[in-house]
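A.B. asks: This is the structure I want to talk about, given as structure tokens.
Every number here is computed from the coordinates shown, using simple stated rules; none is lab data. In this text the structure is predicted, and so the values were computed from the model without any measurement. Don't worry about glycine lacking a Cβ; one is built from the backbone with ideal geometry, like all the others, and counts go over all protein chains shown.
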Amino acid sequence: MATIEDNQRPAEFVEGLAKGLAILESFDVTHPEMTLSEVARRVGLSPAAARRSLITLQALGYVQQKDKRFHLRPKIMTLGSSFYFSARIEEVLQPDLRELVEKFGDASSVGTLDSEDVIYIAHVSVQRARRAAAVMGARYPACATSLGRVLLAGLSDDALEKYLSNVHPKALTSKTITDPAILREEILAVRESGYATTVDQLDYGITALAVPIRDMEGRTIAALNTSGYTGILTPESLVTERLPALRQAASHIAHAITRYPVLQSIMGT
């Protein structure tokens, strides 16, 4: 969940709105429903403050209560769909992802960096396996994904060092890199090569290759990947067979987004 330090909050910061959004963000795959006390503890609010926000969200139709437990209602999906259509995701990003999936099979995604996480803003897949889902809006630790490592490699030296100083990677699989020193080496290698590969870092069965999407000044503003099943694919085969097409698609996307101010703003240009 996103947090803002007190000294970084603008003068007109609305505390109540921030609390409500934090509560909405607190629901996820491991917390699909919670009691009032669980919500308060997860968000870091007093039970009274959490209750007021939950009552407001319930009145607005975003949250529902059943047997003392709260859960999200389908109306919450309208917030994501508003972003999808206003940012022209279907028009600008999805065609290149579909072309990659039609050519190679498997899956392809675009993601951006948000604090220590990567957020998937577009995704196309023909995969049906049970594993970490890369659906639009999914959020995962940047250090455990090919997209995230490309985005981290695109940070300035100062920003990268700040990230590495603050991050505490969790072992999502037995292969997840959790040592910041080794992670630094991996990210610097991505800077050098211009692409990232990962094997079973986020979840078992995921082998992926990612490249940066850069703006006109050469800044990394997003990342594009292709992924498939570990055991069928290797990082070496992805680089050999898919890297040229992936880079071409990234270049095409970079050129296309220059025509859409909303998408440029979202990607940090």
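A.B. asks: Rounded if a/c is under 1.5, else prolate if a/b is larger than b/c, else oblate: which is the range 6-76, with a ≥ b ≥ c the root eigenvalues of its Cα gyration tensor? Let's see the in-between values first.
C.D. replies: Working: a/c = 1.88, a/b = 1.64, b/c = 1.15.
The shape class here is prolate.
A.B. asks: While we're on this one: How much length is gained if the chain between A18 and E116 is pulled fully straight, taking 0.36 nm per residue apart and subtracting their Cα-Cα distance, in nm to one decimal? Show your work: numbers first, answer last.
C.D. replies: Details: separation 98, 0.36 × 98 = 35.28 nm, distance 1.92 nm.
Residue separation times 0.36 nm, minus the Cα-Cα distance, leaves 33.4 nm.
A.B. asks: Is the shape of the range 126-269 best called rounded, prolate or oblate, per the rule: a/c under 1.5 gives rounded, else a/b larger than b/c gives prolate, else oblate, with a ≥ b ≥ c the square roots of the Cα gyration tensor eigenvalues? Each step should come with its number before you reach the end.
C.D. replies: Numbers: a/c = 1.57, a/b = 1.16, b/c = 1.35.
Cα axes put the range 126-269 in the oblate bin.
A.B. asks: Here is a follow-up. Over the chain, calculate the relative contact order: mean separation of alpha carbon pairs under 8 Å at least 6 apart, over the residue count, as a percent.
C.D. replies: Values: 413 pairs, mean separation 37.6, N = 269.
With pairs under 8 Å counted, the relative contact order is 14 percent.
A.B. asks: What three numbers, in Å, describe the spread of the alpha carbons of the chain along their principal axes, ordered from the longest?
C.D. replies: Its Cα atoms span 57, 41, 40 Å along the three principal axes.
A.B. asks: In the structure shown, do any of K19/K170; K19/K162; K103/K170; K75/K170; K19/K175 have a Cα-Cα gap over 29 Å, and if so which? Don't skip to the end; give the middle numbers.
C.D. replies: On the way: K19/K170 26 Å; K19/K162 26 Å; K103/K170 34 Å; K75/K170 32 Å; K19/K175 36 Å.
Violating the 29 Å Cα-Cα cut-off are K103/K170; K75/K170; K19/K175.
A.B. asks: Based solely on C-alpha atoms, express the radius of gyration and the Dmax of the range 196-253 in angstrom.
C.D. replies: In order Rg, Dmax, the Cα atoms of the range 196-253 give 12.1, 38 Å.
A.B. asks: On a 0 to 90 degree scale, rounded to 10, what angle separates helix 235-256 from the longest Cα axis of the chain?
C.D. replies: Helix 235-256 sits at roughly 70 degrees to that axis.
A.B. asks: Given the Cα-Cα distance of Q58 and H252 and 0.36 nm per residue of separation, how much length would full extension add, in nm? Working shown, then result.
C.D. replies: Values: separation 194, 0.36 × 194 = 69.84 nm, distance 4.29 nm.
Roughly 65.5 nm would be gained on extension.
A.B. asks: Still on this structure, please answer the following. Once the Cα atoms of helix 15-26 and of the chain are each reduced to a long axis, what angle between those two axes, in degrees from 0 to 90 to the nearest 10, is obtained?
C.D. replies: It is inclined by approximately 60 degrees.
A.B. asks: Let me ask something else. Along the charge dipole of the chain, pointing to its positive end and built from +1/-1 on Cβ of Lys, Arg, Asp and Glu, which listed residue (T230, V63, L246) has its Cα farthest out?
C.D. replies: V63
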